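Here the structure comes first, spelled out in structure tokens, and everything after it is commentary.
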Amino acid sequence: MAEIKALSLLKTNKTVKERAESYFKSIQRNIQKNVIDALIQKKEALEDKIFDLENFTLDTNLNAGLRTMTKEDCEKRFVDIISSEYELELINREIEIKQATFNKYFEDAKK
């Protein structure tokens, strides 16, 4: 008589090698998505923000919904640009370091 599959599975142990091979791809994919890709998305959002901040509208066109930016508006915008570019530099460096470390552990050296 054939053994019940559930009972058979309960009687067997996966080897360390089998478990490692099973875990590896999942761990690699999750870290890529949750660490590296998340930083890249944050970087892209900052680049978009800087692009928008650098668009100064000093003309007034009430029909188009535009109003003249004041000196204070311009100054605030430049402060935002400086802060955003600083944050972008930090994120670029973080991506560089984390990508290198990720590659060290998860990329095939033969590639």
Over all directions, what mean area does the Cα convex hull of the chain project, stated in square nanometres?
14.5
The farthest towards the positive end of the charge dipole of the chain, of the residues Q28, L53, I40, given +1 on Cβ of Lys and Arg and -1 on Cβ of Asp and Glu, is Q28
Between the Cα axis of helix 38-53 and the main Cα principal axis of the chain, the angle (0 to 90°, nearest 10) is 10
Note the angle between two axes, namely the Cα long axis of helix 16-31 and the longest principal axis of the Cα atoms of the chain, as a number of degrees from 0 to 90, rounded to the nearest 10.
10
Dipole magnitude of the chain, debye to nearest 20 (Cβ charges: Lys/Arg +1, Asp/Glu -1, about Cα centre):
1140
Starting from the Cα of K43, draw a straight line to each of the lysines and keep only those under 30 Å, dropping any in the same chain fewer than 8 residues away.
K25, K33, K71, K76, K98, K104, K110, K111
Label-point gap, in nm, between R19 and Q32 - each point 7 angstrom along Cα→Cβ:
2.5
Relative contact order, percent, of the chain when contacts are C-alpha pairs under 8 Å separated by at least 6 residues?
26
Formal net charge of residues neighbouring E87 (Cβ-Cβ distance under 14 Å; K, R +1; D, E -1):
-3
Exposed GluC sites (Glu not before Pro) absent - longest run of the chain, DSSP non-H/G/I/E/B, at most 14 other C-beta within 10 Å
55-106
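FYI, it's all coordinate maths here, none of it is from the lab. Bear in mind that the values here come from a model prediction, so they are computed numbers and not experimental data. No Cβ is skipped: glycine too gets one built from the backbone with ideal geometry, and neighbour counts run over all protein chains shown.
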